[in-house]
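Participant: Before we start, here is the structure in question, set down as C-alpha cells.
The values are calculated or read from the model by the stated rules, or taken from the named source; none is laboratory data. Predicted, not measured: the structure shown is a model, and the values here were computed from it. Counting neighbours? That spans all protein chains shown, and the Cβs are built from the backbone with ideal geometry, glycine included. What goes into the accessible areas is simple: the full protein's heavy atoms, side chains included, and nothing from ligands, DNA or RNA. Shrake-Rupley method; radii C 1.70, N 1.55, O 1.52, S 1.80 Å.
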Amino acid sequence: LLYGQRYCQEKFGERSLIAWLPDTFGFCSQLPQLLKLGGVEVFATQKLRWNDTTQFPHDLFRWQAPDGTEVLGWTLPPIGTDFDPVKMAEYAVQWEEKTETAHACWLPGVGDHGGGPTRDMLVKARRWGTSPFFPEVKFSTPQEFLTAVCGQPLGEWTHPNVKSEIDHLPLWDDELYLELHRGCYTVHSDQKQHNRRGEDLLYQAEVWATVAQLVVAQPYPKEKLEIAWKALLFNQFHDILPGTSIPEVFVDANRGWAQVQALGQVVLQASLGSLAMALGVPAGMRPLVVFNAHGWARTERVDVRVPPGPWRVVDCATQQSVPAVIHGEESRQPPLGGMMAQDSNPTLSFVAQDVPAVGYRLYGLVAAEAETVSTGEERANQDFVLDNGVLRVVISPETGEITSCIHVATGRESFRESANQLQCFEDSGQYWDAWNIAPDYGHNPCDASVLVSIEWQVNHSVCQRVRVTRQLNQSTIVQDYILAAQSPVLLVETWVDWQETQVVLKVKFPVTVEADQATYEVPFGAIGRSTKPTTDHGKAKWEVPALRWADLSDDAFGLSILTDCKHGFDAQPSQLRLTLLKAPVWPDPGCDRGHHHFTYGLYPHGGNWQAAQTAHQAQALNIPLQTHVGSAAPPSTPSIAMPACQSFLSLDSDHFILTAFKPSESPEQGFILRYYDAYGVSPASGDAPPMTNALGLTIDVPLNLLEESVSPGESRPYQIHTYRLVP
C-alpha cells in the first residue's frame, strides 16, 4: 500500500481509491482496515465467482474488518469476456435485482492477464450503441461508474455530513474465502519460505538500522532497503508466491529472493556490528552480544558459532557464569546430505536470560581450562523422554510419534492418541493441479511411513534432541524433536527428501480438548473458523490458510501449532492437521521434488490462545534472537557509554506486537512506530501508545499507513496503530 500509492501519486498525479484485485485467491478479514489506512475506499474482485460450492451472495456490499473499519466491496463482472449483448443484458438484470441500481458495468477484454478489448469488440460496441433495442453503452472509468451507483464521488463517502447511498448495502464481516485453489497455501513451499524469511529479515534490518542511526550515528541505508522491499513485493504476485507458475518463473523469482537476503543481511549485520562495537567489554573476554528485535523481553536458547577452544560464558550484566554446551561441526551435518556450512567453527548453545525488548544483553567468552569445559552434562536416558520441567514428552521407539505430552503446570495431557502422525494421500484428478487439493483426498490414503531409526542427538541441561528417520514411499523424512531448557514449545525440525508425485503430506495432532472452532492467525490479527460447520460455505472451508499459527483450545487448555513457512490447515473438534507438502505435475512438473528444511512448534498451554499469548510464541519462532561475536582483543573505551543490558524501545502491553520501527519516508518527518493488537483486546488506556524508549524520542501524532497524520480515536480490538516519533 505504501509503495503502491506513492507510485500512483508519482506517475499519475493521484492515489488509487480502488484496490483492483480480480485474480487473487481469497482475502483476509483484516484487509478492509489495511486498505482504508492506505487511502483506499473500494475493494474489487471477481475471483469469488470461481467458488466451487456456494455462490457469493453480494455484488455490492460493505466489507468490515474485525476492528469495525469498512470499505465498499464490489464483485466485478466476469473478466475475459466479449462484447456479447445477450450476456451483458442478462448480467445487467441480475445486477439490478441485487443492487437496485440500473447502472451496470461490463469488462470486455481478452483473457485474465490484463488483455484489453479487441478491435472487433470495439466495433460491436459502436454498432450496439446505435441500436434502439439495447441500453445506452458508455466507455468510462470505475470511479465514474461507482459515483453514479452510490450518489457521491468516492472520496466523499466517509465525510461525516454526507448520508451515503452505501449505508443500506448488506454487511459482510468475515474473510472472503475462495472455495477453490486450496493447494496454493502449500505448493512450491520454497517460495513461501523465501517470503517469510525475507519479510522477517527486512523487519529486523529496519529496526536495527534505525537504532544504529539513533545510537551510533550510522547512516540509514534507505536505498538498499527499498530495493530489497520492492524485490520481495514483486515476488508476492499471485502466481509466484502461491507457487502456481511455470518453472522458468521461479528461476527469476529465486534471483529476487537472493537479492532480498543479500541486501537484508548486509544491513542487519552492519547495524548489529556497529552497536556491538559501542559496548565496553572487560579485559580478557571475547564479547558475545545477544540482540532481541521484538517489543518484549525474551528468554530463549541461542546457538552461536564460536572460535575453536574451550570457553566459559559469563553474563556481563550479572557477572555470573551461564551453563553452556559446545558442539562439534558434526552437529550441523545435514541429515539428508548436502553441503555443510563453510564455517567449521563449533557451535555454542546456552539460554539467554531476559534479553530486553528491542535491546541486547552482553555476554563474555572467557578462555577456560580444557578439563573444566563440559560438552553437555550428557544424561543417561534409555527411553526417549524429553523433560525440561515445563513439558514432558514421550516419543514411541516403535513409531517415532509422540505418545504423551504433559503440560507440567496444569498436569494436562495434550494428545488423546499418538501425535505428529505423518499422513499422505493421493492428490490427483484436478485440472488446476498445483492450485487445488483434490476434494476427495481423504478417501485415498497412501501407505503409512516406516520407522528407519530413532536415536538421541543431544541430551543435556541446555537442550534435548531426539532424531527420528522415516521412509515414506520414495521419500525420506528426518525429524528432530527439540526441547530447550525453560521452553514451553516442543520444536519439530524437519528435513525431507520429497520424491512423490501427486501426493499431499499432512501431519496430524489429535488433541484432548474439544472446541467448536479453531483459531488461525491472519495478517495483523486472528480469525475463528468452525470445526462443526453447518452451512455449505462453512463446509467448503475443509482446507484453510493461517499465517504463523493455528490453535485449538477451550477456556482451560489447548494446543497451538506454530510454523516457520507452512500455511495450510484442516481442523475437527479435537484435531488439527498441518499440510506440509504437495507434489503436482502442472504447470511445474518438478515442483517441490527434492530437499526441504523447515520447523514447526507444538505449544500446549493453559487457558485459551489469548491467555497463552500464542502470537508472541509464533513470532519468537520466526524471528529468533540474533548474536554477534566480537574480536578477542579488548576494544578501546567506547565513545558512547552503553550498559551490559539495555532496551532501546518496548511496548508496555502484552496485547501488542511491533511490526515496524523505521525512519519516515520523508526523513524530516521523524520516525515511524507501528504495532497492532494481536489478541482482539481493546486496551483501557488512552490513545497514546504504551511505549518506553531510550532513544530520546517522543510520541507526536497518529498516522495512517501512508505516514500522514490522522485524527486520534478510541482504541479498537485488532486495531493497527501507527505513530510518528520525533526527537
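Participant: Does the stretch 233-246 hold any residues that are in contact with an Asp or Glu (Cβ under 7 Å, 6 or more places away or on another chain) and open to solvent by less than 50 Å² (accessible area, probe 1.4 Å), and which are they?
Facilitator: If the condition is that a residue be in contact with an Asp or Glu (Cβ under 7 Å, 6 or more places away or on another chain) and open to solvent by less than 50 Å² (accessible area, probe 1.4 Å), then His238, Ser245 are the ones that fit.
Participant: Something else: Residues to consider are Trp74, Trp95; find the one that is within 26 Å of His168 (Cβ to Cβ) and over 30 Å from the mean Cα position of the chain (by Cα).
Facilitator: Trp95
Participant: Of these, Pro287, Pro221, Pro307, Pro282, which one is open to solvent by less than 60 Å² (accessible area, probe 1.4 Å) and more than 18 Å from Val629 (Cα to Cα)? Talk me through it step by step, then tell me what you get.
Facilitator: Working: Pro287 fails: more than 18 Å from Val629 (Cα to Cα); Pro307 fails: more than 18 Å from Val629 (Cα to Cα); Pro282 fails: more than 18 Å from Val629 (Cα to Cα).
After applying the criteria, what remains is Pro221.
Participant: Could you check, for the stretch 426-434, whether at least one of its residues is part of a strand (DSSP E or B) and either touching a Leu at 6+ places or on another chain (Cβ under 7 Å) or crowded, with 19+ Cβ neighbours inside 10 Å (or both)?
Facilitator: The answer is no, given that none of the residues of the stretch 426-434 is part of a strand (DSSP E or B) and either touching a Leu at 6+ places or on another chain (Cβ under 7 Å) or crowded, with 19+ Cβ neighbours inside 10 Å (or both).
Participant: Something else: Give me a count of the residues in the stretch 681-695 that are open to solvent by 40 Å² or more (accessible area, probe 1.4 Å) and modelled with pLDDT under 90.
Facilitator: Total meeting the criteria: 7.
Participant: Restricting attention to the stretch 533-563, report how many residues are charged (D, E, K, R), open to solvent by 30 Å² or more (accessible area, probe 1.4 Å) and in contact with a strand residue (DSSP E or B) (Cβ under 8 Å, 6 or more places away or on another chain).
Facilitator: The number of residues fulfilling the criteria is 2.
Participant: Would it be correct to say that Pro510 is in contact with a helix residue (DSSP H, G or I) (Cβ under 7 Å, 6 or more places away or on another chain) and under 25 Å from Trp609 (Cα atoms)?
Facilitator: No, not satisfied.
Participant: Could you run through the stretch 316-325 and say how many residues are surrounded by fewer than 20 Cβ atoms within 10 Å (Cβ to Cβ) and either farther than 25 Å from Ala641 by Cα or acidic (Asp, Glu) (or both)? Spell out the reasoning first.
Facilitator: Step one: list which residues in the stretch 316-325 are surrounded by fewer than 20 Cβ atoms within 10 Å (Cβ to Cβ), which gives 317-323.
If we keep only those that are either farther than 25 Å from Ala641 by Cα or acidic (Asp, Glu) (or both) too, we end up with 323.
Summing the residues that are surrounded by fewer than 20 Cβ atoms within 10 Å (Cβ to Cβ) and either farther than 25 Å from Ala641 by Cα or acidic (Asp, Glu) (or both) in the stretch 316-325 gives 1.
Participant: Restrict the check to the stretch 593-608 and report whether at least one residue is more than 30 Å from Ala278 (Cα to Cα), among the charged types (D, E, K, R) and either open to solvent by less than 40 Å² (accessible area, probe 1.4 Å) or touching a His at 6+ places or on another chain (Cβ under 6 Å) (or both).
Facilitator: no
Participant: Residues of the stretch 253-309 being among the polar types (S, T, N, Q) and within 30 Å of Ile240 (Cα to Cα), which ones? Can you show your working first?
Facilitator: Taking the stretch 253-309 and keeping what is among the polar types (S, T, N, Q), we get 254, 259, 261, 265, 269, 271, 274, 292, 299.
Answer for the stretch 253-309, where residues must be among the polar types (S, T, N, Q) and within 30 Å of Ile240 (Cα to Cα): Asn254, Gln259, Gln261, Gln265, Gln269.
Participant: On the given criteria, is Arg119 exposed (fewer than 13 other Cβ atoms within 10 Å of the Cβ) and charged (D, E, K, R)? Before you say what the answer is, go through the steps one by one.
Facilitator: Values: exposed (fewer than 13 other Cβ atoms within 10 Å of the Cβ): yes; charged (D, E, K, R): yes.
The answer is yes for Arg119.
Participant: Are any of the residues in the stretch 383-406 modelled with pLDDT under 95, open to solvent by 10 Å² or more (accessible area, probe 1.4 Å) and not in a strand (DSSP E or B)?
Facilitator: Looking for residues that are modelled with pLDDT under 95, open to solvent by 10 Å² or more (accessible area, probe 1.4 Å) and not in a strand (DSSP E or B), one finds at least one in the stretch 383-406, hence yes.
Participant: Okay, moving on. Would you pick out the residues in the stretch 564-587 that are open to solvent by 20 Å² or more (accessible area, probe 1.4 Å), touching a helix residue (DSSP H, G or I) at 6+ places or on another chain (Cβ under 6 Å) and over 13 Å from Thr494 (Cα atoms)?
Facilitator: His567
Let's see how each residue does on (1) touching a strand residue (DSSP E or B) at 6+ places or on another chain (Cβ under 7 Å); (2) part of a strand (DSSP E or B); (3) loosely packed, with under 15 Cβ neighbours inside 10 Å:
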site: Leu658; (1), (2), (3): yes, yes, no
site: Glu668; (1), (2), (3): no, no, yes
site: Tyr675; (1), (2), (3): yes, yes, no
site: Tyr679; (1), (2), (3): no, no, no
site: Ile699; (1), (2), (3): yes, yes, no
site: Leu705; (1), (2), (3): yes, no, no
site: Pro712; (1), (2), (3): yes, no, yes
site: Tyr718; (1), (2), (3): yes, no, no
site: Tyr723; (1), (2), (3): yes, yes, no
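Participant: Before we move on, is Glu199 in a helix (DSSP H, G or I), without any contact (Cβ under 8 Å) to a residue 60 or more places away in the chain and under 30 Å from Lys506 (Cα atoms)?
Facilitator: Yes, satisfied.
Participant: Would you mention how many residues in the stretch 348-365 are open to solvent by less than 10 Å² (accessible area, probe 1.4 Å) and either free of Cβ contacts under 8 Å to residues at least 24 places away in the same chain or β-branched (Val, Ile, Thr) (or both)?
Facilitator: Total satisfying the criteria: 2.
Participant: Please count how many residues of the stretch 98-132 are under 42 Å from the mean Cα position of the chain (by Cα) and outside any helix (DSSP H, G or I).
Facilitator: 18
Participant: Would you call Asp252 of a type in the set (Asp, Glu) and within 27 Å of Glu206 (Cα to Cα)?
Facilitator: Yes; evaluated as a whole, the condition is true for this residue.
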